[in-house]
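*Asks:* Handing you a structure now.
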Amino acid sequence: MSHALRYAALGDSFTEGVGDVRKDGSVRGWADLVAKRIAKSQPLDYLNLAVRGRQLAPIASDQLDAALAMSPDLMTFCGGGNDLLALRPNLGRLRETTESVIVRTQRAGVRLVMLSNADPTAHLPMGRAIRRNAAALHAMVCELVDGYDVELVDTFADAELQRAAYWSADRIHLNRHGHRRVAASVLAHLGYPAPAKWTTVAPGPDPAPGRFDAAAFGARQLPLVARDRLLRRASGDGRRAKHVDWQRLPAVS
C-alpha cells in the first residue's frame with residue numbers, strides 16, 4: 001500500500017469552515033472538501049487545526065508548532081483576516097509573522113500552499129475602509145510568496161467569489177457555494193479533479209445593495225468584535241480544533 005499523504009490545514013474560521021453548516025450543526029468548509037477529494041485518488045491522513053477568531057500570531061506559533069511536530073507532507077496556511085479588525089492593524093508585524101511561517105515550513109521540507117483571504121468587503125458596511133487594509137495584506141502575501149517561491153491560491157483576486165451569493169447572512173463568512181469554489185481552486189492547483197458544479201456560478205441573483213441580514217451582522221458580529229478587542233480575547237478561545245490528530249479518510253464520496 002502506498003504511503004498516505006499527510007495534509008495539515010492551518011488558519012481561522014475560513015479554514016475551519018464556518019458558514020458551511022451540515023445538518024447536524026457542525027461545519028465542513030473548503031479544507032474538508034479538499035481532503036475528501038484527494039482521498040478519492042490516494043490514501044490521505046488529514047489534520048485541521050484551524051479555529052475561528054484566531055489572529056495570525058497564534059496560528060503561526062501554536063498551530064504551526066503542532067503541525068510541524070506531526071510531520072505533514074502538505075500544509076495549507078491562511079491567516080491575518082482577524083487582525084484587520086483592529087483599529088490600526090500592524091501590517092509590518094503581520095509580514096514578519098507570515099515570513100516566519102514560510103521560513104520554518106521550508107526548513108522542515110513541507111510543501112506549503114498559501115491562501116489569500118477571500119474578499120467580502122463589497123457587501124460590508126465600511127467595506128471600502130476595510131478593503132484598504134485587506135488589499136495591503138494581500139499585496140504583502142503576494143510579495144512574500146514571490147520572494148520565497150511559495151505556492152499561492154489567490155482567492156482574494158477571484159472576482160466571482162466576491163459576489164454576495166457566495167457569502168453567509170453575516171457577510172463575513174463564505175457559505176456552502178463559497179467554500180466549494182475555494183475547494184475547487186485548491187484542488188485544481190494541487191492537480192486533483194473537483195466536481196464541475198463547484199465552479200459553476202452560484203444560483204440566484206445577488207441581494208440588492210444593503211439587503212443583507214443586518215441583524216446577523218450588526219447585532220451579532222460588531223458587538224463580538226468590540227468585546228473581543230476590549231477583553232483581548234477571540235471568539236474561538238477555549239474551542240478545540242476539528243482534527244487535532246491524523247484522520248485517515250476513506251476513499252468515498
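The values are calculated or read from the model by the stated rules, or taken from the named source; none is laboratory data. Because the structure is predicted, anything quoted here is derived from the model rather than measured. As a convention, Cβ positions derive from the backbone with ideal geometry for all residues, glycine included, and neighbour counts pool all protein chains shown. When the accessible area is computed, the model is the full protein with side chains, heavy atoms only, and any ligands, DNA or RNA have been set aside. Shrake-Rupley method; radii C 1.70, N 1.55, O 1.52, S 1.80 Å.
*Asks:* Which one of the conditions (1) open to solvent by less than 60 Å² (accessible area, probe 1.4 Å); (2) on the phi < 0 side of the Ramachandran plot; (3) touching a strand residue (DSSP E or B) at 6+ places or on another chain (Cβ under 7 Å) does Leu68 fail to meet, given that it meets all the rest?
*Replies:* Status for Leu68: all satisfied but (3).
*Asks:* Sticking with this structure for a sec: What's the total number of residues in the range 1-22 that are among the charged types (D, E, K, R), open to solvent by 20 Å² or more (accessible area, probe 1.4 Å) and touching a residue at least 40 places away in the same chain (Cβ under 8 Å)?
*Replies:* So in the range 1-22, the residues among the charged types (D, E, K, R) come out as 6, 12, 16, 20, 22.
From the residues that got through so far, the ones that are open to solvent by 20 Å² or more (accessible area, probe 1.4 Å) too are 6, 22.
Filter once more, keeping what is touching a residue at least 40 places away in the same chain (Cβ under 8 Å): 6.
Residues flagged as among the charged types (D, E, K, R), open to solvent by 20 Å² or more (accessible area, probe 1.4 Å) and touching a residue at least 40 places away in the same chain (Cβ under 8 Å) within the range 1-22 amount to 1.
*Asks:* Collect the residues in the range 12-51 that are touching a His at 6+ places or on another chain (Cβ under 9 Å), under 14 Å from Ala118 (Cα atoms) and hydroxyl-bearing (Ser, Thr, Tyr), keeping them in residue-number order.
*Replies:* Ser13
Results for (1) assigned to a strand (DSSP E or B); (2) more than 18 Å from the chain's Cα centre (by Cα); (3) surrounded by 20 or more Cβ atoms within 10 Å (Cβ to Cβ), shown as yes or no for each residue.
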| position | (1), (2), (3) |
| --- | --- |
| Pro89 | no, yes, no |
| Arg95 | no, no, no |
| Ala118 | no, no, yes |
| Ala122 | no, yes, no |
| Arg131 | no, no, no |
| Leu137 | no, no, yes |
| Cys142 | no, no, no |
| Val145 | no, no, no |
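*Asks:* Determine, yes or no, whether Asp158 is among the acidic types (Asp, Glu), modelled with pLDDT under 95 and either within 18 Å of the chain's Cα centre (by Cα) or outside any helix (DSSP H, G or I) (or both). It would help to see each step written out before you state the result.
*Replies:* Details: among the acidic types (Asp, Glu): yes; modelled with pLDDT under 95: no; either within 18 Å of the chain's Cα centre (by Cα) or outside any helix (DSSP H, G or I) (or both): yes.
No: the conditions fail for Asp158.
*Asks:* I want to confirm something. Restricting to the range 36-65 and keeping residues that are more than 17 Å from the chain's Cα centre (by Cα) and of a type in the set (D, E, K, R), which single residue is farthest from Val110 (Cα to Cα)?
*Replies:* Looking at the filtered set, the residue picked out is Lys40.
*Asks:* Could I ask something else about it? Only one residue in Asp32, Asp62, Asp45 is farther than 23 Å from Leu249 by Cα and acidic (Asp, Glu), so which one is that? Working first, answer last.
*Replies:* Details: Asp32 fails: farther than 23 Å from Leu249 by Cα; Asp45 fails: farther than 23 Å from Leu249 by Cα.
When all the criteria are applied, what remains is Asp62.
*Asks:* Also, I was wondering about something else. Just name the residue that is modelled with the highest pLDDT out of those in the range 1-35 that are more than 15 Å from the chain's Cα centre (by Cα) and among the polar types (S, T, N, Q).
*Replies:* The extreme case among them is Ser26.
*Asks:* Which residue out of Asp83, Asp119, Asp146 is in contact (Cβ under 8 Å) with a residue 12 or more places away in the chain, over 21 Å from Gln63 (Cα atoms) and acidic (Asp, Glu)? So that I can check it myself, show each step before the final result.
*Replies:* Values: Asp83 fails: over 21 Å from Gln63 (Cα atoms); Asp146 fails: in contact (Cβ under 8 Å) with a residue 12 or more places away in the chain.
Going through Asp83, Asp119, Asp146 in turn, just one is in contact (Cβ under 8 Å) with a residue 12 or more places away in the chain, over 21 Å from Gln63 (Cα atoms) and acidic (Asp, Glu): Asp119.
*Asks:* Return the residue satisfying two criteria in turn: it lies in the range 147-161 and is touching a Ser or Thr at 6+ places or on another chain (Cβ under 9 Å) and among the hydrophobic types (A, V, I, L, M, F, W, C), and of such residues it is most open to solvent (accessible area, probe 1.4 Å).
*Replies:* Going through the qualifying residues, I end up with Ala157.
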